[in-house]
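Student: Here it is, the structure, as structure tokens.
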Amino acid sequence: EVQLVESGGGLVQPGRSLKLSCAASGFTFSNYGMHWIRQAPTKGLEWVASISPSGGSTYYRDSVKGRFTISRDNAKSTLYLQMDSLRSEDTATYYCATNYFDYWGQGVMVTVSS
Amino acid sequence: DVVLTQTPPTLLATIGQSVSISCRSSQSLLHSNGNTYLNWLLQRTGQSPQPLIYLVSKLESGVPNRFSGSGSGTDFTLKISGVEAEDLGVYYCMQFTHSLTFGSGTKLEIK
């Protein structure tokens, strides 16, 4: 059974950092690209970042470029999102999802507030 | 960025009624490899999105066949043939032919 389990969320002050993790199981993680998608409270879904199976290629939405870093550890079957210089507008539930969006995690909440 | 316009924003249906949701793209979603990367998702309240349909019309495993998808190019439709109570939630179309964008959602409510 495929499982994606996010962790690392919480309350953080503006300008600070947070690192999210997404632990994958039930499939060969190293064969698949992965994505982070977020959803601000009461809002729709928004793509954040994507990474290739090897980790050699990464892609970001403009509003997080230079602040967020997506990475992966294929030996640990884990996806990461390092979020620096956080802003109030980054407040959202963050989901990891598989390459073709056929599996999603349960989501982790990030709140950026002083 | 590709903009996906979903209509209607809200849908009120009775059990057993058939309903359709439209998703229109600001540009063709036909990829150079011949695939059209248009998916449909359902997000029930308090839950993560659940995939329903991929590549316009292919049903994800375990999804009831009352759900169907159709369309091409820039115009796509999700149809539910006989709404059931468990179908309530917000439906999103999404595309990843050109980067990745989501529609604004259609909230299905049951009368």
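Student: Which whole-number value in Å² is the accessible area per residue of chain A, probe 1.4 Å? Write down the numbers at each step before the final one.
Tutor: Values: 5330 Å² over 114 residues.
Result: 47 Å² per residue.
Student: For chain A, give the percent of accessible area contributed by carbon and sulfur heavy atoms, probe 1.4 Å, rounded to a whole number. It would help to have the intermediate numbers written out before the result.
Tutor: Working: 2390 of 5330 Å².
Answer for chain A: carbon and sulfur cover 45 percent of the accessible area.
Student: Treat each spin label as a single point 7 Å out from the Cα along the C-beta direction, and report the residue A:100 to residue A:30 distance in nm.
Tutor: For the pair residue A:100/residue A:30, the computed spacing is 2.2 nm.
Student: Okay, moving on. Determine, from the Cβ-Cβ distance of residue A:17 and residue B:99 and an R0 of 25 Å, the FRET efficiency 1/(1 + (r/R0)^6), rounded to the nearest 0.05. Working shown, then result.
Tutor: Values: r = 26 Å, r/R0 = 1.03.
The calculated FRET efficiency here is 0.45.
Student: Here's something else I'd like to know. How many Å² of accessible surface get buried when A and B come together, counting both sides, probe radius 1.4 Å, rounded to the nearest 100? Walk me through the intermediate numbers first.
Tutor: Numbers: alone 5900 and 5770 Å², together 10500 Å².
Accessible area lost upon association: around 1200 Å².
Student: Over chain B, what relative contact order in percent results from Cα pairs under 8 Å that are six or more residues apart?
Tutor: Relative contact order here is 38 percent.
Student: Given a 1.4 Å probe and heavy atoms of the protein chains only, how would you sort A:83, A:109, largest accessible area at the top? Let's see the in-between values first.
Tutor: Values: A:83 0, A:109 80 Å².
Ranking A:83, A:109 by accessible area, largest first, yields A:109, A:83.
Student: Now for a separate question. Can you give the extra length, in nm with one decimal, that the chain gains between residue B:2 and residue B:44 once fully stretched, where that is 0.36 nm per residue apart less the Cα-Cα distance?
Tutor: 12.6 nm
Student: Summarise the accessible area of the stretch B:19-111 (1.4 Å probe, protein heavy atoms) by the percent that is carbon and sulfur.
Tutor: 45
Student: When only alpha-carbon atoms are used, what values of Rg and Dmax, in angstrom, describe the protein assembly as shown?
Tutor: In Å, with Rg to one decimal and Dmax whole: 17.5, 51.
Student: Evaluate E = 1/(1 + (r/R0)^6) for residue A:42 and residue B:59, where r is the Cβ-Cβ distance and R0 equals 22 Å; express this FRET efficiency to the nearest 0.05.
Tutor: Here the calculated transfer efficiency is 0.15.
Student: Now a separate question. GNM on chain A, C-alpha springs below 10 Å: top fluctuator among A:75, A:23, A:92?
Tutor: Most flexible of the set in this elastic network: A:75.
Student: Could you tell me the calculated FRET efficiency between residue A:2 and residue B:70, based on Cβ-Cβ distance and R0 = 25 angstrom, to the nearest 0.05?
Tutor: The computed FRET efficiency comes out at 0.35.
The values are calculated or read from the model by the stated rules, or taken from the named source; none is laboratory data. Everything numeric here is computed off the predicted structure, so don't read it as measured data. Neighbour counts run over all protein chains shown; Cβ positions are idealised from the backbone, glycine included. Side chains included, ligands, DNA and RNA excluded: accessible areas come from the protein's heavy atoms. Shrake-Rupley method; radii C 1.70, N 1.55, O 1.52, S 1.80 Å.
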